[in-house]
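Asks: Before anything else, here's the structure in question.
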Amino acid sequence: MFWLAITIVAFVMFSYLVLRGENLSYLDQPVPRHSAQAPSEAMQSVLASLSEFAQGSHGRGRQRVRAIRAFMDKLGAERSYKSEFLPLSNPELRGEWVLAPNCDSGRRVLYLHGGAFIAGSPLSHRPITDRLARLTGAAVFALDYRLMPEHKRIEGIEDCRRAYRWILENGPEGRESAQTLVVAGDSAGGNLTLSLLAWVRDQGLRQADAGIALSPATDAVLDAPSLRSNIASDAMLGPAFGALTKVPSMFLLWYTWATSRMLPADPRISPLRGSLADLPPILVQASDSEMLLDDARRYAAKAQAAESPVVLQTWPNMCHVWQMFTPELAEAEEAYANIAEFLDSVSSNDGIEQAA
């Protein structure tokens with residue numbers, strides 16, 4: 001009994017002191033009340049498509065992963081675009097350039113797609129990359145980073161770092177130094193974006209002129225209040241991942257460690273838990289109805305306390321990464337207008353411009 005008690009105490013202490021790390025509940029705010037107002041006709045159409053996603057995301061193992069990937073790619077494939085898509089594949093990088101008419105190849109956006117680190121692709125996220133290309137007039141490079149479970153989590157992170165170094169000196173027409181560079185991403189890609197910007201700072205590389213994180217996951221510890229309080233109101237993440245939040249937090253920490261092969265509190269996968277000082281201007285957008293709301297709010301609060309120029313914008317009653325549904329959602333177009341305004345606000349220092 002004595003050794004069993006010692007083992008249990010050691011297990012608990014390791015879980016909370018090493019796997020979880022610092023208790024960040026001091027950053028939390030009250031969870032917003034959700035409006036009872038009926039969604040718009042456009043939003044109802046989006047919710048119907050997300051219901052299809054929820055139904056298709058059941059199953060186990062690789063079958064479930066394949067279903068999620070197929071659904072996400074379908075979102076991107078069934079639309080028409082104004083931009084040109086040029087694939088890039090070399091021994092070091094895969095992805096595609098997204099080029100709007102009359103784009104300036106010296107101005108660039110590195111885009112990191114979402115998909116819970118197991119799904120998503122440049123194809124699935126063309127609604128966002130096409131819109132960003134037209135919004136900024138920049139050459140957008142959508143990285144096709146390595147996904148779990150075929151690859152380790154760190155390999156996807158390494159792909160992002162390699163892509164950052166590469167895009168500083170290479171454009172769609174070959175070797176050419178970037179005049180301006182924005183790093184952007186959504187959900188899991190928002191996580192990679194924020195992790196990458198901190199790594200760039202630590203490496204002493206030329207920092208991006210700005211960062212954009214749409215509904216980012218910022219903490220692999222998974223203890224933010226909205227992860228549980230917003231399960232029912234999150235039409236995308238709730239059905240797909242809500243069951244995970246019912247697992248006791250201590251066991252969830254071990255699950256995260258096992259699947260990512262990295263400590264949950266490691267800043268490489270939990271950018272919230274690293275230093276947030278000396279970052280470039282960053283815009284974070286999130287919905288008050290999504291499970292990752294507090295990931296965004298915690299990150300912004302901690303970064304602002306560290307005097308980094310991070311701006312948080314929230315929308316009521318939107319689904320996770322609603323910016324994907326453009327132009328049908330008026331709120332998506334509003335979000336892009338805010339992105340343009342944000343980039344314009346830093347242009348006086350960084351030379352970033354917007355196209356019409």
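The values are calculated or read from the model by the stated rules, or taken from the named source; none is laboratory data. This one's a predicted model, so the numbers in the text were calculated from it and none came from an experiment. Glycine gets a Cβ as well: all are built from the backbone with ideal geometry, and neighbour counts include every protein chain shown.
Asks: Considering only the range 236-253, state which residues are more than 23 Å from residue 339 (Cβ to Cβ), crowded, with 17+ Cβ neighbours inside 10 Å and aliphatic (A, V, I, L, M).
Replies: 240, 252, 253
Asks: Also, quick follow-up: What number of residues within the range 21-39 are at pLDDT 85 or above and either surrounded by 14 or more Cβ atoms within 10 Å (Cβ to Cβ) or part of a helix (DSSP H, G or I) (or both)?
Replies: Going through the range 21-39 one residue at a time, the tally reaches 5.
Asks: Now for a separate question. Counting just the residues of the range 201-227 that are at pLDDT 95 or above and surrounded by fewer than 22 Cβ atoms within 10 Å (Cβ to Cβ), which one comes out nearest to residue 112 (Cα to Cα)?
Replies: Out of the qualifying residues, it is 207.
Asks: Just to check your reading of the model, which residue among 312, 329, 244 is within 23 Å of residue 117 (Cα to Cα) and either in contact with a helix residue (DSSP H, G or I) (Cβ under 6 Å, 6 or more places away or on another chain) or not small (Gly, Ala, Ser) (or both)?
Replies: Result of the check over 312, 329, 244: 244.
Asks: Let me ask another. Just give me the residues in the range 259-300 being surrounded by fewer than 20 Cβ atoms within 10 Å (Cβ to Cβ), touching a residue at least 60 places away in the same chain (Cβ under 8 Å) and of a type in the set (A, V, I, L, M), in sequence order.
Replies: 262
Asks: Given 117, 71, which one is buried (at least 17 other Cβ atoms within 10 Å of the Cβ), aromatic (Phe, Trp, Tyr), under 23 Å from residue 167 (Cα atoms) and in contact (Cβ under 8 Å) with a residue 12 or more places away in the chain?
Replies: After ruling out the rest, the residue left standing is 117.
Asks: Sticking with this structure for a sec: On the given criteria, is residue 315 surrounded by 17 or more Cβ atoms within 10 Å (Cβ to Cβ), more than 19 Å from the chain's Cα centre (by Cα) and among the hydrophobic types (A, V, I, L, M, F, W, C)?
Replies: For residue 315, the condition - surrounded by 17 or more Cβ atoms within 10 Å (Cβ to Cβ), more than 19 Å from the chain's Cα centre (by Cα) and among the hydrophobic types (A, V, I, L, M, F, W, C) - is not met.
Asks: Being assigned to a strand (DSSP E or B) and over 9 Å from residue 122 (Cβ atoms) is the filter; apply it to the range 84-98 and report the residue that is modelled with the lowest pLDDT.
Replies: It comes out as 89.
Asks: In the range 40-75, which residue that is modelled with pLDDT of 80 or more and of a type in the set (D, E, K, R) is farthest from residue 237 (Cα to Cα)?
Replies: Only one residue fits best here, namely 41.
Asks: Does the range 77-113 hold any residues that are among the aliphatic types (A, V, I, L, M) and touching a strand residue (DSSP E or B) at 6+ places or on another chain (Cβ under 9 Å), and which are they?
Replies: Scanning the range 77-113 gives 86, 88, 93, 98, 99, 100, 109, 110, 112.
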